[in-house]
Every structure is written in structure tokens, then in C-alpha cells.
Amino acid sequence: MATAFIGYVLPWGQMSFWGATVITSLVTAVPFVGEEIAYWVWGGFSITNATLNRFFSLHYLLPFLVTGLILVHLAFLHMRGSSDPTKVQGPFGYKLPFHPYFVYKDIFGLLVALFVFLGIMYYYPNLLGHSDNFIPANPLVTPAHIVPEWYFTPFYAILRACPDKLGGAIGMFSAIVLLLVLPLYSHITFCQTGVLSVYSSIAKVQYGWFIMVFLILIFLGSNPAAAPYVLSSKIFTICYFLYFLFFVPATSLKQLFSFKNSTF
């Protein structure tokens, strides 16, 4: 996400400049040291050419870090195997070798994604862009509606849902960090019952509901910060956090208790 955001700044259009201004200014909400951190990120007292040079260097270096993490991930999959989403090995056989299942599956997914990517790049290069970003960056002219790229709009809606700057920043980053909690719920349930909680019918319904909430947040984040979008963002932000903090743990606990009762 950091690599994508930094890359979006590099064209140095109006939306790139003001998007960088909004996001990097969030660190000023940190008590005591916020402004100093912002000056360090900017390379000065505002977003200037020094900021662009820093972002260009990071945009070049971060993909190597991402590639390294991907290689580590593939190495662990190769050594440890992975879960069996199709349950072909029975209810308690949750390991599949890396080859051939995952190799062929990922090659197919890569070809589909590459086909879509090349289609957009060659035939519709401006399909997902913003018209204001063709205007050179001008710190003296603020766009009527500052909006990030579409894949950041759900978190931008969460950011705007809180009227407090620090609270909005905490909410936005918490929405991303919460994704790291999901494997823990399934791991605990699986260790106790031998069945992953994500396979239950209730979990599938809840997941569909979460996808709907996420798509609505994409729509809300791409619209101006005005009624009724702000109020709707607050409602669906609560729904977003409820999925991680209530529905998923409740489903895991329900399956855990059901397994223990059936055992007795």
C-alpha cells in the first residue's frame, strides 16, 4: 500500500500533490512530535521537490522489499505446505503440497490478472485515473474534491468518518492492522476443533456481508465529504469494525463451544 501510494504521488499532478498533502499531514496529529515527523517526511516545511525526490527513491526501493517478502512466503509454502480450501484430503487433512496445486492455481491467477492489466494499459490507460491529475501540481489551488485512487477510498471514507484528526488517523490505520487478526481466530478454533471456522455457513454469510460493506465504503470514499456521504461513512465504518471485533470472534467461539458440547 505504501508503494502504491508513493507511486501515485510521482506524476505530480493536482490530485497527486493534494493526496500526498492530506495523508502525510496525518502525522501532525501525533502528540508532541507530530510536526517534527512531518518535516522529516517532507524534507522541509512543506511538500516540495525534496519530498518528490524522497518518494521517488522509496518507490524504487520498496518493491525490492516486497519481492523479498514474497520469496520468504513462497519458501514457507514450499517447506510447510498450505491449507486445503477444497477439503480434498478429508475433514482433518488440511495440508496440501506446494506443487502442483498452488503452482498451477497461482499461474492461472497471474495470467488472468495480467490479461486484465494489459487490457487496461493498452486500450483504456486513463480508465482508473482522475482528470484533475492531468493538471500540474499547484499548492495555491485546492481541487474541489480531493480523492485518492479507488483502492484507497474505503480507508479514506473511514478517515473522514471521524471528525477528529487523530481519531480518523487511528481509525484508518486500525482498519488495515485488523486484517492481521483474522488468522488468529481461525488458528485458535482449528487447534481446538480441527475445523477451520471460515468453512461454516454463518462465516460465509458474514463474509458476504463484509464484502458488501467494503464496496459501499469504496463508493463513499470517492464522493465529497458532504451529506449524506459523511453520515453513511460513519455507519458503514462501524459495520466494518463490527465484522472483525464481534462477528468473526463470535463465530469462532460458537463453533468452539458447539464442538466441546458435541464431544461431551
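Descriptive notes on the structure:
- Hey, Tyr122 loosely packed, with under 10 Cβ neighbours inside 10 Å and either within 25 Å of the chain's Cα centre (by Cα) or in the same structural domain as Thr21 (by TED's automatic domain parsing) (or both) or not: yes
- Residue within region 164-171 that is among the small types (Gly, Ala, Ser), surrounded by 17 or more Cβ atoms within 10 Å (Cβ to Cβ), touching a Pro at 6+ places or on another chain (Cβ under 9 Å) and modelled with pLDDT of 85 or more present: no
- Looking only at region 25-42, residues that are touching a Leu at 6+ places or on another chain (Cβ under 9 Å) and part of a loop (DSSP other than H, G, I, E, B) come to 2 in all.
- Check on Ile216, under 19 Å from His145 (Cα atoms), at pLDDT 95 or above and assigned by TED's automatic domain parsing to the domain that holds Val181: yes
Let's see how each residue does on (1) assigned to a loop (DSSP other than H, G, I, E, B); (2) without any contact (Cβ under 8 Å) to a residue 12 or more places away in the chain:
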| position | (1), (2) |
| --- | --- |
| Leu140 | yes, yes |
| Ile146 | yes, no |
| Tyr151 | no, no |
| Pro154 | no, no |
| Leu159 | no, no |
| Gly167 | no, yes |
| Ile170 | no, yes |
| Ile176 | no, no |
| Tyr185 | no, no |
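- Identity of the residue in region 230-244, in contact (Cβ under 8 Å) with a residue 40 or more places away in the chain and out of contact with any Lys or Arg (no Cβ under 8 Å at 6 or more places or on another chain), that ends up surrounded by the fewest Cβ atoms within 10 Å (Cβ to Cβ): Phe241
- Restricting attention to region 7-22, the residues being buried (at least 20 other Cβ atoms within 10 Å of the Cβ), part of a helix (DSSP H, G or I) and either touching a residue at least 40 places away in the same chain (Cβ under 8 Å) or touching a strand residue (DSSP E or B) at 6+ places or on another chain (Cβ under 8 Å) (or both) number 8.
- Selected residue (only one of Phe134, Phe155 is modelled with pLDDT of 90 or more, under 30 Å from Pro249 (Cα atoms) and among the aromatic types (Phe, Trp, Tyr)): Phe155
The values are calculated or read from the model by the stated rules, or taken from the named source; none is laboratory data. All of these numbers come straight from a predicted model, not from anything done at the bench. Here Cβ is always computed from backbone atoms with ideal geometry, including for glycine, and neighbour counts include all displayed protein chains.
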